[in-house]
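Structure record follows, encoded as structure tokens.
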Amino acid sequence: MEPKKQDTASALKDIISHAKEYGFVFPSSEIYDGLQAVYDYGQNGVELKNNLKNVWYKAMTMLNDNVVGLDAAIFMHPLTWKASGHVDSFNDPMIDNKDSKKRYRADTLLEERAAALEDEGKATEAKALMQAMAKGLDAGDLEAVRQLIIDQNIKCPVSGTANWTEVRQFNLMFSTQVGAVSEDASLIYLRPETAQGIFVNFLNVQKTGRMKVPFGIAQIGKAFRNEIVARNFIFRMREFEQMEMQFFVRPGTEMEWYNTWKETRMKFHQAIGLPADSLKFHDHDKLAHYANAAVDIEYKFPFGFKEMEGIHSRTDFDLKAHQELSKKKQQYFDPEINQNYIPYVVETSVGADRLFLAILCNAYTEETTGEGETLKQRVYLNIHPALAPTKVAVLPLVKKDGLAEKAQEITNQLKFAFNTTYDDGGAIGKRYTRQDLIGTPYCVVVDYQTMEDQTVTVRDRNTMTQERISIADLKEKLGYAVSMERIFEKLV
Ligand code: GAP
């Protein structure tokens, strides 16, 4: 029977429980009832996330001669955020219900209303509502946005009333004080995107690395946003990680590079195991002030197709703004055309946590096999072997007659090459199940035949088929099967 893939929102609940029960994701500071929209990665989660970060970083820097890495600090000079526009306009419009005291994003309330209208077959009305909202937000007319909420008779889901406050803009940046003095001058922000650390280091990297345009700088790091509405597990968090790459190009060539990176990034997501029909491009209807083209790569999460990665052609907006505010030239001399210019930038930006969630949602499989008395149900995580937290589990069939020692010996040989675990606790079927639940692609079993001919069985997680192979070949065969090379081969 075909494995069952869950598509409904209830699937998310199963995935959240699975993530917690098997050491992937825990609510932050859970013993104090947690902290909203903040999560910790457990023993298996951290392995999966590190593998995702590694495969992204290597795909960027190892496979592209002209992309190099960077690790900029989270704290940056406050003027950085003035130049980038975050101080003045990194806002969400919020509204409070006076009865429930609950806070909502005004645009989300209206978007949900428009979606409901669409479901009722009132597409024209839905479109008109979205246009009216965009007009109000663009003009900074928050009263008009509030009026739409009132006119649509949108009620607070908690209190059931339409007793709304005015709409206010809410800046999403977290701030704190640097040093001991509590003055305005010491105000500092937690970065809301990693990109600016790349922009301010553009010339440092270009000069010290003798980089020639076009070239890219890739970085993985934490970002922080005081999201008003945080939901859908690790989809929208207040502390999260971004994997961003800024690609510096000659002005006028940006659309070519934008299209190249669009295709490259889509290929990447498919290469790490996300199915093509669960991914799609979504062009931005409305462009940010700094962009001349923007697209999202959306993944079909259990709660619908949603943004996983953003690809933006950011023009020379950021470098130009930094040049103006810092009074330091951000120009590049292009020897090929004998000209100085501020490069244009194509950005690829994917959230490590969102990618993690997509991989987990895609991997979670409920399968029923057999019929009648042989009917069996199992859950397993179909994670690409190169990304799986544990690659191989070595299991002695029984603990006696030297089988345990042999299995330990094999574990010790393999663990230098990839994540290998040893397990001798309980019946073999239970041990297979334990590994299936955390997505271990291969179980190596040491049995009595092993002691005679130095062969073991290797069980495949997805097919549950077993193959007998020589211990001497294990490292090489499994090594390739679990290697990132298999992903990289699909990218060239
Ligand atoms: N530098 C461009 C930038 O930050 P963005 O669309 O705001 O663009 C890029 O964010 C990516 O970062 C998103 O596609 C998403 O994967 C991730 N991301 C953004 N906000 C997030 C949040 N609150 N929680 C988790 N991931 C988030």
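The values are calculated or read from the model by the stated rules, or taken from the named source; none is laboratory data. Remember, predicted model here, so these are calculated numbers, not experimental data. All Cβ positions, even for glycine, are placed from backbone atoms using ideal geometry, and neighbour counts span all protein chains on display. Keep in mind that these areas ignore ligands, DNA and RNA; they rest on the heavy atoms of the full protein, side chains included. Shrake-Rupley method; radii C 1.70, N 1.55, O 1.52, S 1.80 Å.
The residues of segment 38-77 that are within 15 Å of the chain's Cα centre (by Cα) and among the small types (Gly, Ala, Ser) amount to a single one, GLY45. Note on segment 290-324: among residues that are within 30 Å of SER10 (Cβ to Cβ) and among the small types (Gly, Ala, Ser), the one that is farthest from the ligand (Cβ to nearest atom) is GLY304. Considering segment 238-270, the residues that are more than 30 Å from SER29 (Cα to Cα) and among the polar types (S, T, N, Q) include one that is farthest from the ligand (Cβ to nearest atom), namely THR253.
Close contacts from segment 241-268, counting a first residue that is touching a residue at least 24 places away in the same chain (Cβ under 8 Å) and a second that is of a type in the set (Lys, Arg), with Cβ to Cβ under 6 Å and a gap of 6+ residues or different chains, come to GLU241/LYS222.
Scanning segment 407-443 for residues that are in a loop (DSSP other than H, G, I, E, B) and under 11 Å from THR390 (Cβ atoms), we see that the one that is most open to solvent (accessible area, probe 1.4 Å) is LYS415. Given the criteria open to solvent by less than 10 Å² (accessible area, probe 1.4 Å) and either of a type in the set (Lys, Arg) or on the phi < 0 side of the Ramachandran plot (or both), does LEU325 qualify? Taking the combined requirement at face value, the residue does not satisfy it.
Do we have any residue at all in segment 338-353 that's over 14 Å from PRO251 (Cβ atoms), modelled with pLDDT of 95 or more and more than 16 Å from the chain's Cα centre (by Cα)? Checked segment 338-353: at least one residue is over 14 Å from PRO251 (Cβ atoms), modelled with pLDDT of 95 or more and more than 16 Å from the chain's Cα centre (by Cα).
On the given criteria, is VAL25 at pLDDT 95 or above and within 19 Å of the chain's Cα centre (by Cα)? When the stated conditions are applied, VAL25 passes them.
Please verify whether segment 135-155 includes one or more residues that are under 30 Å from GLU239 (Cβ atoms), part of a loop (DSSP other than H, G, I, E, B), open to solvent by 80 Å² or more (accessible area, probe 1.4 Å) and not charged (D, E, K, R). Within segment 135-155 (the criterion being under 30 Å from GLU239 (Cβ atoms), part of a loop (DSSP other than H, G, I, E, B), open to solvent by 80 Å² or more (accessible area, probe 1.4 Å) and not charged (D, E, K, R)), the answer is no, since none of the residues qualifies. Taking GLU307 as the residue in question, decide whether it is touching a residue at least 24 places away in the same chain (Cβ under 8 Å), open to solvent by 70 Å² or more (accessible area, probe 1.4 Å) and in a helix (DSSP H, G or I). So GLU307 does not fit the description; no. Where in segment 335-382 are there strands (runs of 3 or more DSSP E), lying fully within it, with 2 or more residues that are touching a residue at least 40 places away in the same chain (Cβ under 8 Å) and over 17 Å from TRP56 (Cα atoms)? So the answer is 344-351, 364-369, 376-381.
Only a single criterion out of (1) in contact with a helix residue (DSSP H, G or I) (Cβ under 7 Å, 6 or more places away or on another chain); (2) open to solvent by 30 Å² or more (accessible area, probe 1.4 Å); (3) not basic (Lys, Arg) is not satisfied by ILE383, namely (2).
Just name the residue that is modelled with the lowest pLDDT out of those in segment 11-22 that are within 12 Å of GLU366 (Cβ to Cβ) and more than 18 Å from the chain's Cα centre (by Cα). Going through the qualifying residues, I end up with ALA11.
Of the helices (runs of 4 or more DSSP H) contained entirely in segment 1-98, those carrying at least 1 residues that are of a type in the set (Gly, Ala, Ser) and either within 23 Å of ALA358 (Cα to Cα) or away from the ligand (no atom under 16 Å from the Cβ) (or both) fall at 9-21, 43-61. State yes or no: is ASN91 buried (at least 17 other Cβ atoms within 10 Å of the Cβ) and of a type in the set (S, T, N, Q)? No; evaluated as a whole, the condition is false for this residue.
Against the criterion of being modelled with pLDDT of 95 or more, away from the ligand (no atom under 16 Å from the Cβ) and either surrounded by 12 or more Cβ atoms within 10 Å (Cβ to Cβ) or farther than 24 Å from ASN259 by Cα (or both), GLN330 qualifies. Residues in segment 333-350 that are within 16 Å of the ligand (Cβ to nearest atom) and open to solvent by 30 Å² or more (accessible area, probe 1.4 Å): TYR344 only. Restricting attention to segment 212-237, the residues being within 11 Å of the ligand (Cβ to nearest atom), open to solvent by less than 40 Å² (accessible area, probe 1.4 Å) and modelled with pLDDT of 95 or more number 7. Apart from one condition, GLU125 fits all of (1) assigned to a helix (DSSP H, G or I); (2) exposed (fewer than 14 other Cβ atoms within 10 Å of the Cβ); (3) touching a helix residue (DSSP H, G or I) at 6+ places or on another chain (Cβ under 8 Å); the exception is (2). Of all residues in segment 455-472, those that are in contact (Cβ under 8 Å) with a residue 24 or more places away in the chain and under 15 Å from VAL394 (Cβ atoms) have Cβ atoms under 8 Å from Cβ atoms of residues that are open to solvent by less than 40 Å² (accessible area, probe 1.4 Å) and assigned to a loop (DSSP other than H, G, I, E, B), 6 or more apart or on another chain, in VAL456/ASP447; ARG461/GLY439; ARG461/THR440; ARG461/PRO441.
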